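Please read the structure below before turning to the comments.
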Amino acid sequence: MSTDWNIQAAANTCAACNKTFTDGEPLFSRLQFSAEGYARRDYCAVCWNDPARSGATGVWRGVFRAPPPPAEEPLKKETAESLLRHLMETEDAHHGNAIFILAVMLERRRILAERDVQTRADGVKIRVYEHKQTGETFFIPDPELKLAELQHVQEEVVTLLGGTPKKMEEKAATEKHGQNTDNTVEAR
Ligand SMILES: [Zn+2]
């Protein structure tokens with residue numbers, strides 16, 4: 001089985017006409033979910049107006065950002081974003097909960113924006129985030145954590161980040177799962 005999570009960068013060229021995008025150009029991104037996984041296609045404004053693509057779902061409008069030149073990064077403490085990327089690269093299913101919590105943290109910090117939620121054929125909810133700076137798409141399965149699990153995973157993540165657990169981060173992810181929290185209490 002391929003891993004559930006996935007990052008896809010914005011294409012450099014239009015999926016229909018192959019025109020190379022320029023920095024700051026508006027583009028239209030479309031997501032498709034299939035048995036092979038997730039596919040993101042980016043279109044220029046002209047091709048997007050083709051009637052063949054009207055009525056598509058899983059679509060958003062963005063702006064193409066030319067990749068920055070590679071920067072010389074000084075050694076620094078792991079950030080929530082670098083940790084998220086690192087865990088996603090490991091392709092280890094055990095990191096699923098931590099990956100989700102990190103994505104929620106980055107959404108709260110307005111580094112990621114949630115663009116879509118799709119339910120896969122197996123019932124798993126996939127949250128689709130866009131990185132506001134780079135335009136990359138992050139596909140993150142929602143493990144639908146219960147409150148007790150949530151706190152445990154958050155403490156684990158904060159420890160990985162080299163800090164001590166903070167109430168604020170706990171609150172952030174708990175709010176997102178308010179509806180699940182109620183169910184958990186009732187079930188006990
Ligand atoms: Zn085009």
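At-a-glance table
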| quantity | calculated |
| --- | --- |
| Enumeration of residues in segment 90-143 that are of a type in the set (A, V, I, L, M, F, W, C), in a strand (DSSP E or B) and surrounded by fewer than 18 Cβ atoms within 10 Å (Cβ to Cβ) | Ala113, Val117 |
| Total residues in segment 54-77, condition modelled with pLDDT of 70 or more and either open to solvent by less than 60 Å² (accessible area, probe 1.4 Å) or more than 26 Å from Cys17 (Cα to Cα) (or both) | 6 |
| Scope segment 15-42; condition in contact with a Ser or Thr (Cβ under 8 Å, 6 or more places away or on another chain) and within 16 Å of the ligand (Cβ to nearest atom); matching residues | Lys19, Thr20, Phe21, Ser29, Arg40, Arg41, Asp42 |
| Counted residues, segment 5-14 - those being part of a loop (DSSP other than H, G, I, E, B), more than 13 Å from the ligand (Cβ to nearest atom) and either open to solvent by 40 Å² or more (accessible area, probe 1.4 Å) or aromatic (Phe, Trp, Tyr) (or both) | 2 |
| Selection from segment 20-62 of residues that are touching a Pro at 6+ places or on another chain (Cβ under 7 Å) and aromatic (Phe, Trp, Tyr) | none |
| Pair list, Cβ < 7 Å and 6+ apart or interchain, from segment 27-44 residues that are of a type in the set (D, E, K, R) to residues that are modelled with pLDDT under 85 and open to solvent by less than 20 Å² (accessible area, probe 1.4 Å) | Arg30/Gly58; Arg40/Leu31 |
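The values are calculated or read from the model by the stated rules, or taken from the named source; none is laboratory data. Please read these numbers as outputs of a predicted model, since none were measured by experiment. Cβ sites come from the backbone with ideal geometry, for glycine too, and all protein chains shown count toward neighbours. The area values use the complete protein model at the heavy-atom level, side chains included, leaving out ligands, DNA and RNA. Shrake-Rupley method; radii C 1.70, N 1.55, O 1.52, S 1.80 Å.
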